[in-house]
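A short worksheet on the structure shown next.
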Amino acid sequence: MNCEKMKRLLIEQVAKAEELPVQVQEHLSRCSECQNLLKEVKSILQAVYQDQLPTVSKEYWEQSFKKLNEAVGPVRRVRMVLAFAGALIVVFIGLISFFSAWHFRPILETRYVRESILLPSEEEMYRLVDYLKDEEPEVGLWLLLNN
Amino acid sequence: MSSVQKAKEQIDFENCYQEFAPRLFAVAYRLLRNQTDALDVVQESFLRAFRKRNNFRGRAKVSTWLYRIVTNRCYDVLRKRSREKKIEYGENYHAKSAGFNGEHWLQQEKMIAMVRQEMEKLTEKQKTVFILRVYEELPYDEIARITHSRVGTVKATFFQSVMKIRKGLKERGVFANELRKDEKAVN
């Protein structure tokens, strides 16, 4: 394995606390460049680990959780109210549609019946008029005037 | 939502906060180098996470998801900050000017400050990978999920970030004397 690959492997492994793989150790035993790299990277990591974080008290986290909870609460309530209002609107629209359909049903049915069943053809109409002219002149006259 | 379910969710949320808030603060602080900003980012991230909890599909770990939210929020803050002003990170140490004699290790404080300054020169992604790998000791595959990258890319990014810090420190003269000492030892 060449030095460049070894450097990559070395740096990949060095952040772990575990021992370096055997092939890396073998290479290190005969490569001064990689030995230097290891030494330098270790000193960088040593400095990095000693870079302390500012302390944040337990009380701060407790307080901030309370604040967070307060911020989350209203949102949850608003969402619930919105969901409830949405459901009500849907139910209301559904009911209106149902009742209007129910209410206008006779008119629709009548129109359908008139259009599809009861209306006689033109030929039947003439025959009916001819018949009524002889048998019921008044009705025949009315039909003639209205068609 | 039933009261039992609500109580359970509340407990989960509280446990999650107690477990991850300090860890997320560590990442945010190291990315932002400002305590107030880091605390704000953690708070905002949790608020965002809680509001978007229904979008969490459970394919990744909760921690991965939270790390992702925090790092993205930190990038926003860094971008905003870079538009507004550049923040100085304390005294600009240089090994040679700081009385570095090379025979003994630098005063650790100065070394830490120099490494910190070199870390600030990394790109957002390099810095994130470096922090998650070194401080949080996360495996490469988890870092890959957090940063939306491939494992190979994460490894390469980590390598680049370490080499960049090393190069920066060398330019400051930190390792020069060490090398000379080694060369002498070899000869």
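Pairing residues of the stretch B:136-157 that are assigned to a helix (DSSP H, G or I) with residues that are of a type in the set (F, W, Y) and at pLDDT 90 or above, at Cβ distances under 7 Å and at least 6 apart in sequence or on separate chains, gives B:I146/B:Y67; B:V151/B:Y140; B:V154/B:Y140; B:K155/B:Y140.
Answer with yes or no whether B:V41 is outside the structural domain of B:H148 (by TED's automatic domain parsing), closer than 16 Å to A:K67 by Cα, at pLDDT 85 or above and assigned to a helix (DSSP H, G or I).
Numbers: outside the structural domain of B:H148 (by TED's automatic domain parsing): yes; closer than 16 Å to A:K67 by Cα: yes; at pLDDT 85 or above: yes; assigned to a helix (DSSP H, G or I): yes.
Taking the combined requirement at face value, the residue satisfies it.
Selection within the stretch A:2-29: residues that are of a type in the set (A, V, I, L, M, F, W, C) and within 13 Å of another protein chain (Cβ to nearest Cβ). The member of this set that is nearest to B:F130 (Cα to Cα) is A:A15. Within the stretch B:125-144, the set of residues being charged (D, E, K, R) and either buried (at least 20 other Cβ atoms within 10 Å of the Cβ) or modelled with pLDDT under 90 (or both) comprises B:K127, B:R133, B:E136, B:E137. Condition check: in contact with a helix residue (DSSP H, G or I) (Cβ under 7 Å, 6 or more places away or on another chain), surrounded by fewer than 16 Cβ atoms within 10 Å (Cβ to Cβ) and either hydroxyl-bearing (S, T, Y) or facing another protein chain (nearest Cβ under 10 Å) (or both). Does A:S32 satisfy that? Answer is yes for this residue. State yes or no: is A:A85 loosely packed, with under 12 Cβ neighbours inside 10 Å and at pLDDT 85 or above? It is true that A:A85 is loosely packed, with under 12 Cβ neighbours inside 10 Å and at pLDDT 85 or above.
The values are calculated or read from the model by the stated rules, or taken from the named source; none is laboratory data. The model shown is predicted, which means the values in this text are computed figures rather than measured ones. Cβ coordinates were reconstructed from backbone atoms using ideal geometry, including for glycine residues, and neighbour counts include every protein chain displayed.
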